[in-house]
Amino acid sequence: MVERVIRTLKEQCVHRQRFESLQHAARAIGDWIAFYNHRRPHQALDMKTPAKAFALTT
């Protein structure tokens, strides 16, 4: 599962832009992770975000 997340990160974030610095990369990747967990619906989670799916389990 982690390998799939890393592949998606590379495809949707890292490979689509050229980073000017390590700080720029860290900010862009952090923003993408927040989007992935809180705004992007996942088919495997019945089109819920990971944050929403997790909240339903607690």
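Values in this text are rule-based calculations from the coordinates and carry no lab data. Keep in mind that what you see is a predicted model, and the values were worked out from it rather than measured.
Under the Kirkwood approximation applied to all pairs of distinct alpha-carbon atoms, what is the hydrodynamic radius of segment 2-57 in Å?
12.2 Å
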*By how many degrees, between 0 and 90 and to the nearest 10, does the Cα long axis of helix 22-38 differ from the longest principal axis of the chain?*
20 degrees
*When only Cα pairs under 8 Å and 6 or more residues apart are kept, what is the percent relative contact order across the chain?*
20 percent
